[in-house]
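Everything on this sheet refers to the single structure shown next.
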Amino acid sequence: MPSKAAPFPTAQSTSPYWRNDVKPIDAHRSTKCLPSRADIVIIGAGYAGASIAHHLIERYDEKALPSIVILEAREACSGASGRNGGHLKPDPFSRAASVLKTYGKDVAEHVASFEARQVKEVRDLVDLEGIDCDFEEVTVRDVCLYPAGRDKIEADLTALTEADISTAKELEYHSNMDAEDVSGVKGAKSCVTFNAARLWPYQLVSHVLEKAVSHGINLQTHTPVTSVKHAQGATVTSIWAVNTPRGSIECSTVIYATNAYTSALVPELKDKIVPVRGMVARLVPTDDAPRLTDSYMMRFSDYEYDYMITRPDGSIIVGGAKRDFYEDLNQWYDVSDDSRLMMGAERYFNGYMQRHFAGWEDCDVRTDQVWTGIMGYSNDGFPYVGPVCGKPGQYVCAGFTGHGMPQIFLSAKAIATMVTTGASAVEVDLPLPYHTSPARWSLQRVHASLQQWQAFSDGKATRARL
Ligand SMILES: Cc1cc2nc3c(=O)[nH]c(=O)nc-3n(C[C@H](O)[C@H](O)[C@H](O)COP(=O)(O)OP(=O)(O)OC[C@H]3O[C@@H](n4cnc5c(N)ncnc54)[C@H](O)[C@@H]3O)c2cc1C
């Protein structure tokens, strides 16, 4: 595959429903000019950047807070966090089962419980701060519609139960006819139910950024970082020069909360964190349609799945739609442009509820808004959270692989702890597969998404020859 240009956020983007009404923080600049120095520079004002700022504030007395600047290329929360599915859905079985095989029971438990705990962590934050973001805990119905997928889920659950992994005890499993009854999804082969949450991510992140600004953190939107280099005449407090078209900031600590775009500034992560374009829609049923109370995951094949929440106003947010664009790698893999929809995929959402949900066949559902967003897919499926290898004072918190809502808040806490105490990754609450160890940093492997796509393509070719 030809090498693409470094992934910087594009100037234009499609409009996500979540950002129809933006807050004053959206275009905030705390000071007219950039400060020439800061203790800590956080790059990126999405869920990760905001959460890192939050946890840094938590770790200091107000008067002792170091000088912190957040630099954001576009508007606040205009990346993946402002255009996702609003689904805070921990994965209680598939990742844990694969980790169980490679790392053993303790790491599998940590991976599974790290995600599960984030529902409560975010709920506590929302309650404590009184954040108006429609946060609601829900039961998720994780539905599998193909037999091989169901068999794998059954095998995963058996392995996790035998290993006594906590999340496997907190879910219910249904198969075949029972699965159709429990989920209401036509053709369901299995349905796993467990606790998750839905929310309005833009409202959450904006609130956290507003609070950070009120604590004296300097937020600068519309300020793309073009490079991070050794400062001239570097000292202990000014090791790095963070360069932007509006000037440079010298600092001792740089934190990349840049997710899909990280390799533009940290080229070592090229091929390790790759921008992947995803698609989401808002559907509006008429008042006489059935009302869904739960959230959903719909697994159609190993590569094709949708996720879905219901909003308090009855509208439905659905993400996925890979059926109509997955085959064409150029539409989604290594794509950092969220200003366009995938060609032809928009129609996927028309008739979606009627196709899949029993009792919806005669309902009227309007596709109200469709948008794209850029996810940071890591080569092995786990985020990179920790020190940047070989660059003292630099940290990364990125690569959430389309699954950041149940991973970011506590990853950000781990980063804030490392930055403020000098603790290493093994000394903080951070699952081993997330670590930026030299071994993982230098390991060259074919990206997991490319491997899966190649298998899909090969299978298709085989089928075509039959
Ligand atoms: C379409 C879509 C649907 C999704 N659905 C879900 C879901 O339902 N559930 C779930 O768990 N996850 C979902 N995700 C993934 C989730 O949104 C992400 O994992 C999460 O938002 C990542 O947060 P972040 O802060 O790391 O990245 P982002 O929100 O992308 O923030 C990174 C920020 O860094 C800025 N930036 C990048 N480079 C620079 C630079 N050079 N200079 C300055 N600023 C820079 C960007 O502009 C951006 O604002 C979805 C993602 C997409 C795109």
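Key figures for this structure:
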quantity	calculated
Some residue of the range 175-193 being under 25 Å from E72 (Cα atoms), among the aliphatic types (A, V, I, L, M) and in contact with a strand residue (DSSP E or B) (Cβ under 7 Å, 6 or more places away or on another chain)	no
Subset tally (residues that are over 20 Å from I57 (Cα atoms) and open to solvent by less than 10 Å² (accessible area, probe 1.4 Å)) for the range 399-435	6
In the range 84-131, the residues that are hydrophobic (A, V, I, L, M, F, W, C), open to solvent by 20 Å² or more (accessible area, probe 1.4 Å) and either farther than 24 Å from D151 by Cβ or within 16 Å of the ligand (Cβ to nearest atom) (or both)	V107, A116, L128
Breaking point among (1) open to solvent by 40 Å² or more (accessible area, probe 1.4 Å); (2) in contact (Cβ under 8 Å) with a residue 60 or more places away in the chain; (3) part of a helix (DSSP H, G or I), for H222	(3)
Some residue of the range 141-151 being part of a strand (DSSP E or B) and of a type in the set (A, V, I, L, M, F, W, C)	yes
In the range 12-54, the residues that are small (G, A, S) and more than 16 Å from E72 (Cβ to Cβ)	S15, S36
Any chance V335 is within 12 Å of the ligand (Cβ to nearest atom), touching a residue at least 40 places away in the same chain (Cβ under 8 Å), hydrophobic (A, V, I, L, M, F, W, C) and surrounded by 18 or more Cβ atoms within 10 Å (Cβ to Cβ)	yes
Residue within the range 62-73 that is among the basic types (K, R) and in the same structural domain as C251 (by TED's automatic domain parsing) present	yes
Checking L341 against (1) under 18 Å from H110 (Cβ atoms); (2) surrounded by fewer than 23 Cβ atoms within 10 Å (Cβ to Cβ); (3) among the aliphatic types (A, V, I, L, M), the condition it does not meet	(1)
Residue within the range 51-73 that is open to solvent by 10 Å² or more (accessible area, probe 1.4 Å) and near the ligand (Cβ under 8 Å from one of its atoms) present	yes
Which numbered condition Y261 fails, given (1) assigned to a helix (DSSP H, G or I); (2) open to solvent by 50 Å² or more (accessible area, probe 1.4 Å); (3) within 12 Å of the ligand (Cβ to nearest atom)	(2)
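Matching residues to (1) within 16 Å of the chain's Cα centre (by Cα); (2) within 10 Å of the ligand (Cβ to nearest atom); (3) open to solvent by less than 40 Å² (accessible area, probe 1.4 Å); (4) more than 26 Å from R141 (Cβ to Cβ):
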site: F357; (1), (2), (3), (4): no, no, yes, no
site: D368; (1), (2), (3), (4): no, no, no, no
site: D380; (1), (2), (3), (4): yes, no, no, yes
site: V385; (1), (2), (3), (4): yes, no, yes, yes
site: C397; (1), (2), (3), (4): yes, yes, yes, yes
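For every residue, the table says whether it meets (1) over 28 Å from A196 (Cα atoms); (2) not in a helix (DSSP H, G or I).
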{"site": "G404", "(1), (2)": "no, yes"}
{"site": "A412", "(1), (2)": "no, no"}
{"site": "A423", "(1), (2)": "yes, yes"}
{"site": "W441", "(1), (2)": "yes, no"}
{"site": "R445", "(1), (2)": "yes, yes"}
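The values are calculated or read from the model by the stated rules, or taken from the named source; none is laboratory data. Please read these numbers as outputs of a predicted model, since none were measured by experiment. Note that each Cβ is placed from the backbone with ideal geometry, even for glycine, and that neighbours are counted across all protein chains shown. These area figures cover heavy atoms from the full protein model, side chains too; ligands, DNA and RNA do not enter into them. Shrake-Rupley method; radii C 1.70, N 1.55, O 1.52, S 1.80 Å.
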